[in-house]
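No lab work stands behind these numbers, since they all come straight from the coordinates. Bear in mind the structure is a predicted one, so any value in this text is a computation, not a measurement. Cβ atoms come from the backbone with ideal geometry, glycine included; neighbour counts cover every protein chain shown.
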Amino acid sequence: MADSLIFALAAGVVLGLVAWAVRSHQKRSAAREQALERLGFRPCPEEEGWLRETVVGIEGNRDHRYEIRNPRRLSGAKVYHYTKRRLGRGDEPPDVEEELLFPLKRPSSAGLVLVVKPSSVPAGLASRMLGSVATGPWDSQPDDLQRLELPLDLRDTNLVGALGPPGAGLYDLVDASTLGVVQGLGDLGGTHVRFRDGWCAVDGISHQIPFRLEDLVARIRPLL
């Protein structure tokens, strides 16, 4: 009898946690949809194929496949919001990221990945470890890029890591004004900032720091 009661209580707790997680996800999804509508993002399913090809090019990884879900475009601009799913091998669950994509002029069309942290993570050992892990030789990294040394003036800032073409310097690939904007994205839910050709993509995967759409769009406007 006691075992049955314990099992019933445990099952009730599990079901309660599942229901709470579902409700939380639904609330976040509804809030995101409202924010997109408020900002002027409209569904653009006809551009899904083009967006997937563009994302594949930016990612530069021949071993992964990508899906684009719920694409939206900002009225009057080529700014896109969508959910990006990087499909793993076999039974591996997909990596799901919320992403903004927009055109950007740079000194170079070569690939570049910048990793940013929120200001709440202090500069020092923790941020250096974060940058080292994020720019490590993972199979999800672009095939043609490798870890770059950060310039001295950018150390101990919110920029904690960079990937670029072998032998390149960071300022050969991106200008100081763009870097100034990028360093504030970590506080708004941005994690990785990817550049290639004439495009820039900002993704967010942290549940602790939500993707703050209104603030992110306001932050990138000087770059548009």
The orientation-averaged projected area of the Cα convex hull of the stretch 43-223, in nm², is 10.2 nm²
Rounded to one decimal in nm, the spacing of the 7 Å Cα→Cβ label points at Asp156 and Glu67 is 4.6 nm
The answer for the net charge of residues other than Val56 whose Cβ lies under 11 angstrom from its Cβ, with Lys and Arg +1 and Asp and Glu -1, is +3
By the C-alpha gyration tensor axes a ≥ b ≥ c (rounded if a/c is under 1.5, else prolate when a/b exceeds b/c, else oblate), the shape of the stretch 165-216 is prolate
Simple SL model, points at 7 angstrom along Cα→Cβ for Ser75 and Ala35; separation in nm is 2.0 nm
All alpha-carbon distances of the stretch 119-187, grouped into 10 Å bins from 0, give the whole-percent distribution 19, 52, 28, 0
Here, Val121 and Ala218, labelled 7 Å along Cα→Cβ, have an inter-label distance in nm of 2.4 nm
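Taking the mean number of other Cβ atoms within 10 Å as a proxy for protection, how do you rank 41-54, 148-161 from highest to lowest?
Packing proxy ranking, top to bottom: 148-161, 41-54.
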Partner aspartates and glutamates whose C-alpha sits under 13 Å from that of Lys117, ignoring same-chain residues fewer than 8 away, are Asp156, Asp187, Asp203
The stretch 28-86 and the stretch 127-146 have their Cα centres apart by a whole-number Å value of 24 Å
